[in-house]
Amino acid sequence: MLAPRTLEIIQSTVPVLKVHGEAITTRFYQRLFESHPGLRDVFNQARQREGKQQAALANAVYAAAQNIARLEAILPAVVSIAHKHRGLGVQAEHYPLVGEHLLAAIREVLGEAATPEILGAWAEAYQEIASVFIAVERDLYAKAHAQAGGWPGFRRFVVANTWRTEDPRATVFELRPEDGQPLAAFTPGQYLTVKVSPPGDARTHLRHVPLVPVGEEGVYRLQLKRAEQADEALDFLHQHVRAGDVLLASVPAGVTSSR
Ligand code: HEM
């Protein structure tokens, strides 16, 4: 539990950070990718280019900070994000890196206004928020592996069939696990996080693709909708991935939409 003075500092500085939101998040990602280039494979670079999604992480940290005295109030939002993180493979050890670069970006952008007291308060708040995410994600990883048909990390799937729907931007993929073993069940609203490596592209890419019901065991059916903007991973899946190809995917993730 944070001290009352720390809470006061956090609550009074959130609006200031929001004003500088774009500058802070831009610096944050530059720093993060410069120091850990491998994280470019984890973050969606198409969304980064678009710039829209960039603020999501920092904004979520501010929203959590605003509710720091009662984090349970934002638990549903944390759980939904944690599902995405688990699908992507975000690990507990990534949190200090994100915290370090977010704080450094705040310090750079605010300059002298970022006093040691303010930075200290934010470091404490970030740690508290991160520990909630880490705990929720630890539980999700354990369940993903332990459930019937579950698995750790990414599993190989053979594309059994693909077809276009009436919507020319949509493709359906039927996937069967290469190992022929049972598959974890999924519920409405869940998705598979798919890892693709287009030929000639040095990066791997992760995308969340919605699962659609299929009346047969041992098969997943994905319905992929191509984005309006160029997206190297979605475009590759849509145009080039066909029956016989192999895709990697983690256990179905996502909060059930009927809940
Ligand atoms: C307390 C710290 C964190 C918060 C509050 C946070 C929050 C968020 C939010 C709000 C999203 C968007 C979810 C959506 O699209 O619905 C997101 C996505 C994501 N987060 Fe986090 N996150 C945190 C830590 C991390 C860490 C440590 C990593 C790993 C390096 C990470 C990697 C990602 C990635 C890769 C995405 C997918 C978005 C994209 O690729 O554009 N996050 N996070």
Check: Do the conditions hold for residue 197, that is, is it outside the structural domain of residue 40 (by TED's automatic domain parsing), over 26 Å from residue 142 (Cα atoms) and of a type in the set (Ser, Thr, Tyr)?
Finding: yes
Result of the Cβ filter at 6 Å on the range 205-231, keeping first residues that are of a type in the set (Gly, Ala, Ser) and partners that are part of a loop (DSSP other than H, G, I, E, B), at least 6 apart or interchain, is 218/183
Per the filter on the range 67-107, residues more than 9 Å from the ligand (Cβ to nearest atom), surrounded by 15 or more Cβ atoms within 10 Å (Cβ to Cβ), more than 16 Å from the chain's Cα centre (by Cα) and in contact (Cβ under 8 Å) with a residue 40 or more places away in the chain are 68, 71, 101, 104, 105, 106
Kindly evaluate residue 57 against the criterion of being modelled with pLDDT under 90 and either in the same structural domain as residue 98 (by TED's automatic domain parsing) or part of a helix (DSSP H, G or I) (or both).
yes
By residue number, the members of the range 40-56 that are in contact (Cβ under 8 Å) with a residue 24 or more places away in the chain, of a type in the set (A, V, I, L, M, F, W, C) and closer than 24 Å to residue 201 by Cβ are 42, 46
Being of a type outside the set (Phe, Trp, Tyr) and part of a helix (DSSP H, G or I) narrows 92, 73 down to just 73
Checked the range 213-254 for anything farther than 21 Å from residue 200 by Cα and surrounded by fewer than 17 Cβ atoms within 10 Å (Cβ to Cβ); matches are 213, 214, 215, 216, 217, 218, 219, 223, 225, 227, 228
#### Entry: Filter result for residue 47 (out of contact with any strand residue (DSSP E or B) (no Cβ under 8 Å at 6 or more places or on another chain), over 30 Å from residue 256 (Cβ atoms), assigned to a helix (DSSP H, G or I) and basic (Lys, Arg))
no
Given the conditions (1) surrounded by fewer than 17 Cβ atoms within 10 Å (Cβ to Cβ); (2) within 29 Å of residue 227 (Cα to Cα); (3) not polar (S, T, N, Q), every one holds for residue 16 apart from (2)
The one condition residue 107 fails out of (1) of a type in the set (Lys, Arg); (2) part of a helix (DSSP H, G or I); (3) under 29 Å from residue 225 (Cβ atoms) is (3)
Looking across the range 185-204 at residues that are of a type in the set (A, V, I, L, M) and assigned to a loop (DSSP other than H, G, I, E, B), the single one that is surrounded by the most Cβ atoms within 10 Å (Cβ to Cβ) is 185
Among 182, 168, the single one that is in a loop (DSSP other than H, G, I, E, B) and closer than 30 Å to residue 228 by Cβ is 168
Note: among 197, 250, just one is of a type in the set (Ser, Thr, Tyr), without any contact (Cβ under 8 Å) to a residue 40 or more places away in the chain and either under 19 Å from residue 155 (Cβ atoms) or touching a Ser or Thr at 6+ places or on another chain (Cβ under 9 Å) (or both), namely 197
Note to self: Can you confirm whether residue 140 is away from the ligand (no atom under 15 Å from the Cβ), surrounded by 13 or more Cβ atoms within 10 Å (Cβ to Cβ), modelled with pLDDT of 95 or more and farther than 24 Å from residue 1 by Cα?
What the structure shows: no
**Message:** Regarding the range 172-190, can at least one residue be identified that is touching a helix residue (DSSP H, G or I) at 6+ places or on another chain (Cβ under 8 Å) and not hydrophobic (A, V, I, L, M, F, W, C)?
**Reply:** no
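The values are calculated or read from the model by the stated rules, or taken from the named source; none is laboratory data. Nothing here was measured: the structure is a model prediction, and the numbers come from that model. Don't worry about glycine lacking a Cβ; one is built from the backbone with ideal geometry, like all the others, and counts go over all protein chains shown.
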